[in-house]
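See structure below.
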Amino acid sequence: MQRAISKTLAVGLKGLNRHFKQGDRDLHILRGASAELYAGEAVALVGPSGSGKSSLLHIAGLLEKPDAGEVIIGGRDCVALSDRERTRVRRSQIGFVYQFHHLLPEFSALENVVIPQMILGLTRKEAAVRALTSLTALGLGERADHRPAQMSGGEQQRVAIARALANQPAVLLADEPTGNLDPETSERVFGELLSLIRNSGLAALIATHNMDIAKRMDRVLTLRDGLLLEM
């Protein structure tokens, strides 16, 4: 049975165009790509290597600007915002998870999750309470004081997920979040991530080459010839 999805729009991508220069050639990565993501749904983003999945995620996450098009978050076209306003939206509304965890090695798991909250303005005490709650939900409560080098690959990636969700974003963007893990660990981490997405009500766009993982999500979008097509 298909899961009921909220009709609350979390992010709208409208007519995105992006091209790059490669010598004398123009490489058109996005050619009017459009999609809508709703609260509480997990959407897979698939496509061959080089199709532009990472570029699309960077644009959706306000890390890059498209050559044309809109990124609607909170009812606003964020492409048109100033750099400072885009940074504010990115910190408060968007969480990122990458294939490699990119944790700060000199800090503990708890501190890695605390830092983005303090940047947003929470006190250290408030941030620590929320961070420990998130880590505990991912089965890492007893590992909170460990540094990344003292943790397994799966544990490190779960810390990265907790960090991405630390500021309670409306949108989660993930680029091959389990691609660097062995199959058993990947399955466990993805299951925990999917559960968190659905329980928290955020919208998630997850790039993956693993079609078994993609099929477990609510929808699958394929990036082909610069367009987003729903499978």
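The values are calculated or read from the model by the stated rules, or taken from the named source; none is laboratory data. As the structure is a prediction and not an experimental result, all values here were calculated from the model. Virtual Cβ from ideal backbone geometry, glycine too; neighbours counted across all protein chains shown. In case anyone asks, the SASA skips ligands and DNA or RNA and just uses the protein heavy atoms, side chains included. Shrake-Rupley method; radii C 1.70, N 1.55, O 1.52, S 1.80 Å.
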(message) Condition first: touching a residue at least 40 places away in the same chain (Cβ under 8 Å) and β-branched (Val, Ile, Thr). Now tell me which residues in region 125-166 satisfy that.
(response) VAL159, ILE161
(message) Looking only at region 69-92, how many residues end up being assigned to a helix (DSSP H, G or I), without any contact (Cβ under 8 Å) to a residue 24 or more places away in the chain and open to solvent by less than 30 Å² (accessible area, probe 1.4 Å)?
(response) 2
(request) Just give me the residues in region 34-54 being within 14 Å of the chain's Cα centre (by Cα) and open to solvent by less than 20 Å² (accessible area, probe 1.4 Å), in sequence order. (result) LEU37, GLY40, GLU41, ALA42, VAL43, ALA44, LEU45, LYS53
(request) Would you mind stating whether GLY95 is open to solvent by less than 70 Å² (accessible area, probe 1.4 Å), in a strand (DSSP E or B) and without any contact (Cβ under 8 Å) to a residue 60 or more places away in the chain? (result) no
(message) Checking ARG18 against (1) part of a strand (DSSP E or B); (2) basic (Lys, Arg); (3) within 22 Å of GLU85 (Cβ to Cβ); (4) open to solvent by 50 Å² or more (accessible area, probe 1.4 Å), only one condition comes out false. Which one?
(response) (4)
(message) Considering only region 29-49, I want to know if a residue exists there that is farther than 27 Å from VAL189 by Cα and either assigned to a loop (DSSP other than H, G, I, E, B) or touching a Phe, Trp or Tyr at 6+ places or on another chain (Cβ under 7 Å) (or both).
(response) yes
(request) Scan region 117-146 for residues that are of a type outside the set (A, V, I, L, M, F, W, C) and either surrounded by 18 or more Cβ atoms within 10 Å (Cβ to Cβ) or touching a Leu at 6+ places or on another chain (Cβ under 8 Å) (or both) and jot them down. (result) GLN117, ARG130, SER134, GLY141, ARG143, ASP145
(request) For ALA60, state whether it is at pLDDT 90 or above, farther than 26 Å from MET118 by Cα, surrounded by 20 or more Cβ atoms within 10 Å (Cβ to Cβ) and aliphatic (A, V, I, L, M). (result) no
